Every structure is written in C-alpha cells, then in structure tokens.
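See structure below.
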Amino acid sequence: MSMSSAIALGGATAAKPLVLPEKHRGGFPKFTCWAPTKRIESLNGSASLRSHSLPRLRVSSNDAQFNSVPEENQLQQQKHQRQQQLPSFTEFITSERVKVVAMIALALALCNADRVVMSVAIVPLSLANGWSRAFSGIVQSSFLWGYLVSPIAGGVLVDNYGGKVVMAWGVALWSLATFLTPWAAETSILALLSVRALLGMAEGVALPSMNNMVARWFPQTERARAVGISMAGFQLGCAIGLTLSPILMSQGGIFGPFVIFGLSGFLWVLVWLSATSSTPDGSPQISKYELEYILNRRQKSFSVETAKPKKVKLIPPFRRLLSKLPTWSLIVANSMHSWVYHVDLRHAAWFSAIPWAVMAIMSYLAGLWSDMMIQSGTSVTLTRKIMQSIGFVGPGLCLIGLATAKNPSIGSAWLTLAFGLKSFSHSGFLVNLQEIAPQYSGVLHGISNTAGTLAAIIGTVGAGFFVELVGSFPGFLLLTSLLYFLAALFYCLFSTGERVNFDDPVGRQVPETT
C-alpha cells in the first residue's frame with residue numbers, strides 16, 4: 001500500500017489522528033486527519049467540492065514537501081540552477097548594466113582628475129601670483145570645505161531622487177567649477193576659493209550616486225565587481241590627472257588641464273542623460289533577457305525600487321542610523337580607508353600613477369572574487385568580512401614593511417602593494433552600504449564619507465605633529481598599521497550582510513538571501 005493511499009484510507013475509516021512511524025517523521029511533512037467532512041473549502045472560502053469520504057488534511061508549512069527529493073539533493077539542484085542562470089562573460093561585458101557602470105567609472109575618473117589638477121598647477125600658480133606656501137595650502141584645502149558639507153546632503157538627495165539625476169547635476173557643477181578656475185584665479189582670491197569650494201561640494205555626491213545606481217542595476221551577486229569597475233575609474237582618474245596635467249600645461253599653459261577636463265565633464269553629462277536610464281525597466285536599450293535576469297536575481301536578494309525611487313523622509317532618522325553598530329562599522333571602515341600617509345610625489349614621480357593603476361586592477365579582481373564567493377554559497381556577511389579584513393590587515397602589514405625598508409625602491413614597492421590590497425575594501429564596506437539599508441544607502445554613504453574626509457585631514461595634519469613629537473616618521477607608519485588592525489577587528493565584530501531595519505526602533509535585521 002502506498003503512503004498516499006494509506007493516509008486516504010486512514011481518513012476515511014477512522015476518526016483518530018494518523019501518526020507516522022518514528023523513522024518517517026524527520027523527512028516527511030506532518031499530517032493530521034480528522035473525521036470525514038462534508039466539503040473541502042476552496043482558497044477563497046466558497047464551497048467547491050462536496051464529499052462524504054475525503055478527509056481534511058492540514059500540512060505544516062515549515063516542513064519539506066511530501067514525496068520531495070532529499071534536502072541535500074534539492075540544495076544541490078538549486079545551486080546548479082543558479083549557476084546555469086549566470087550570464088557568460090561575453091553577455092556580462094556587453095550588457096546594458098555594464099555600459100551604465102562604465103559611464104559611472106568615467107564620471108568618477110573625471111571626479112578624481114578634476115580634484116588633483118590643482119596639486120599639479122599649484123606650484124606655477126603660486127610663482128605667478130606670489131603666493132606663500134601657507135596660502136597655497138589654503139587654496140588646496142578649500143576643496144575640502146565644500147566636500148565636508150555635501151556628502152550627507154547629497155546622500156539625502158540620492159535617496160529621494162535617484163542616482164542618475166543627482167550624478168548629472170554633480171558632474172555638471174564640478175565641471176563648471178573646473179572650467180571657471182582659470183577665470184577665478186585671475187579675478188580674485190575670493191573667487192578662486194569659492195570655485196574650489198563649489199568643486200568639493202559638487203563632488204561630494206559622486207560616490208553616493210554611484211552606490212545608488214549599482215544597487216538598482218546589479219543583482220547582489222554582481223555588485224562587488226560593479227563597484228570594483230566604478231572605483232577602478234576613480235583610481236585611474238587620479239593617475240590620469242597627475243600624468244596628463246603636466247603635458248596639457250606644457251601645450252596649453254597653466255590653465256590647459258582645467259579647460260580640457262571641464263569640457264569633458266559637460267560632454268559626459270550629455271551622453272549620460274541621453275544614453276542611460278535610472279532603472280533597468282526604464283531603459284529602451286536593454287534586452288528582454290537582461291531585464292528578466294536583473295529583476296529575477298534581485299528578487300532573491302534585497303528589494304530595490306524598479307520604477308520611481310521611493311521617497312524617504314527629507315530628514316533621515318539620523319539618531320536611529322547612528323544607534324546601530326553596523327552603521328559604526330561602516331563609519332570606522334571608511335575613516336580608516338581614507339587615512340592618508342605621507343608621500344612626497346616630487347621625489348618619486350613614477351609613484352603618481354603606478355599605485356593608483358595597481359589599485360584599479362586589484363579593485364576589479366577583488367570584486368570578481370567576492371561575487372564568486374557569494375555565488376558559490378558563502379554568506380554575504382562572511383564575504384564582506386573577508387574582503388574588509390584583506391583590505392585592512394594587508395595594508396597594515398605592508399606599512400610595517402615600509403617602516404623597516406632599507407632603500408626607496410623597496411619602500412615604494414611596499415607602498416604600492418599597500419594601495420593594491422586596500423582596494424579590497426571596495427568589496428567590503430563600500431558594497432555593504434547597499435546591503436544594510438538600501439533605502440538609506442545614500443545618506444549612510446554621506447555620513448561615512450564625511451567621517452572619512454575628517455580622518456584624511458587628521459591623518460595629514462597629525463602626521464606632521466607626530467613626527468615633530470616623536471622624531472620618527474616610521475613610528476607614524478607603525479601607528480597607522482595598528483589603527484588598520486583595530487579597524488579590521490571592529491568591522492568583523494559588528495558588521496553584517498543582512499538588511500537592518502532602521503525604521504524599527506529595535507533595529508531588527510532582515511535575514512540575508514543569495
């Protein structure tokens with residue numbers, strides 16, 4: 001007699017519950033049978049079938065389905081199906097979402113290039129205008145005045161209006177500030193400082209906008225490499241700015257790079273607005289296969305708005321955001337990631353490009369490895385902690401090597417390796433922002449970015465005071481190494497890959513799924 005017929009007969013002939021043998025209780029659902037009923041209710045409550053011989057069955061929803069394959073085989077089948085659904089490298093690299101992230105990478109390259117041009121032009125500008133070394137420092141630091149203010153405000157705008165619109169305004173404004181720098185420098189000191197502050201204010205929205213667009217266009221299993229591509233553009237922008245600026249200045253004068261980079265930003269805005277969409281389902285160029293892939297894979301992770309961005313409160317719940325330890329793990333990570341150690345580019349000209357190029361390559365490779373770990377079944381939380389540990393412990397060890405280096409070549413090699421390993425943080429805390437609070441990822445990025453900017457200022461200024469106090473720059477490197485180790489420990493203890501409900505005073509976490 002089959003199991004199903006035994007249950008049917010038991011319900012038809014006996015009023016007492018049927019109890020399965022002990023050996024079957026662990027792998028089958030629980031059934032309870034009562035005396036015969038007169039009808040079986042349909043799902044909407046109407047009478048759909050009458051019977052005097054069929055039992056009513058109640059199935060426990062938390063058990064496996066009846067007559068299903070064993071749990072291990074089922075998990076293997078699901079894993080195999082997930083792997084089969086993954087696009088090939090050719091499909092990925094030619095997809096619409098990669099075109100979007102390539103445009104983001106180009107915007108971040110312009111962002112960093114516009115930022116570092118002044119560090120190259122400040123010497124001839126100072127000589128031409130008779131600026132003192134102290135005032136030259138004020139001109140360069142005026143960028144930070146605006147950059148300190150805008151990330152939080154920009155993050156709120158991103159959460160309300162989406163990354164496409166805010167990124168377009170940001171690139172347009174910082175390109176305008178770059179383009180107007182020559183005019184401002186020849187007009188007045190106040191005009192120059194104001195334009196530089198505008199540059200910093202506009203660039204503060206770049207990274208929150210990037211995170212927002214990546215969260216909308218990429219499923220969780222591809223977000224780390226998308227962030228890696230974006231940040232590769234950011235790092236290459238520094239190399240491009242530092243290497244091309246002297247060439248452009250030799251051909252077009254001191255203000256040549258400002259004009260070229262400013263005009264390039266205006267061109268980018270035109271292409272961005274005409275060729276990209278805020279969300280995948282709003283793109284006329286995306287294929288049906290890619291759209292279905294993005295939406296289906298995204299449903300298995302965290303929900304992100306596919307139509308219009310969901311409006312959040314104009315004033316985010318800062319108190320609740322700052323009351324959770326996962327938030328502070330991101331703040332500490334971003335602060336340590338932005339900590340600056342002293343490098344004299346005039347004594348190592350090649351160093352202006354090579355470490356940034358290495359960092360760009362390592363950023364993508366780390367993202368690819370991170371995504372592969374999640375696709376293979378590693379939890380999101382563990383993956384982020386592994387990436388962040390490499391991104392902090394690695395540079396910490398390299399700085400110990402740098403402090404004990406016997407010649408400049410070995411020291412440059414250690415520092416280049418430190419830059420490369422630090423890029424693993426992009427697959428750690430930087431992607432983690434999207435995961436713990438998709439609806440507040442912009443403002444969270446802004447808060448952590450502001451903390452990172454303050455840390456960069458403290459690290460730069462503090463290095464000088466520390467060296468004067470201790471009399472040893474290697475001692476500052478060892479202190480920085482210790483801070484890296486402590487930051488890695490803090491992140492591993494308090495970070496999570498699960499979504500945190502910041503709208504709930506208790507701050508409950510939503511279990512992660514891959």
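The values are calculated or read from the model by the stated rules, or taken from the named source; none is laboratory data. All values derive from a computational prediction rather than experimental measurement. Glycine also receives a Cβ, built like all others from the backbone with ideal geometry; neighbour counts cover every protein chain displayed. Surface accessibility is based on the protein's heavy atoms, side chains included, excluding ligands, DNA and RNA. Shrake-Rupley method; radii C 1.70, N 1.55, O 1.52, S 1.80 Å.
Can you check what the net charge comes to around ALA487, using other residues whose Cβ is under 15 Å from the Cβ of ALA487 (Lys, Arg +1; Asp, Glu -1)?
+3
Starting from the 7 Å offset along Cα-to-Cβ, what nm value, one decimal, do you get for the label separation of TRP183 and TYR289?
5.0
Within the range 107-156, what whole-number % of the accessible surface is contributed by carbon and sulfur, with the 1.4 Å probe and all protein chains included in the calculation?
69
Using the Karplus equation 6.51 cos²θ - 1.76 cosθ + 1.60 (θ = phi - 60°), what ³J(HN,Hα) coupling, rounded to whole Hz, does each residue of the range 171-186 give in order, writing x for Gly and Pro?
Result, rounded to whole Hz: 5, 4, 6, 6, 5, 4, 5, 5, 5, 7, 4, x, 4, 5, 5, 8.
For the range 393-514, give the magnitude of the charge dipole about the Cα centre (Cβ charges: +1 Lys/Arg, -1 Asp/Glu; no others), in debye to the nearest 20.
380
Which length gain, in nm to one decimal place, applies between LEU273 and ILE354 when the Cα-Cα distance is subtracted from 0.36 nm times their residue separation?
25.9 nm
Under a Cβ-only charge scheme (Lys and Arg +1, Asp and Glu -1), can you give me the dipole magnitude of the range 81-170 about the Cα centre, in debye to the nearest 20?
80
So, in Å, what gap is there between the alpha-carbon centers of the range 444-463 and the range 370-442?
So the separation of the two Cα centres works out to 18 Å.
For a protection proxy built on the mean count of beta-carbon atoms within 10 angstrom, sort 217-228, 253-264, 135-146, 373-384 highest first, please.
Highest to lowest by the protection proxy: 217-228, 253-264, 373-384, 135-146.
A 32 angstrom limit on the alpha carbon distance is what I want to check against. Which of LYS164/LYS288; LYS288/LYS422; LYS288/LYS324 exceed it?
Beyond 32 Å between Cα atoms: LYS288/LYS422; LYS288/LYS324.
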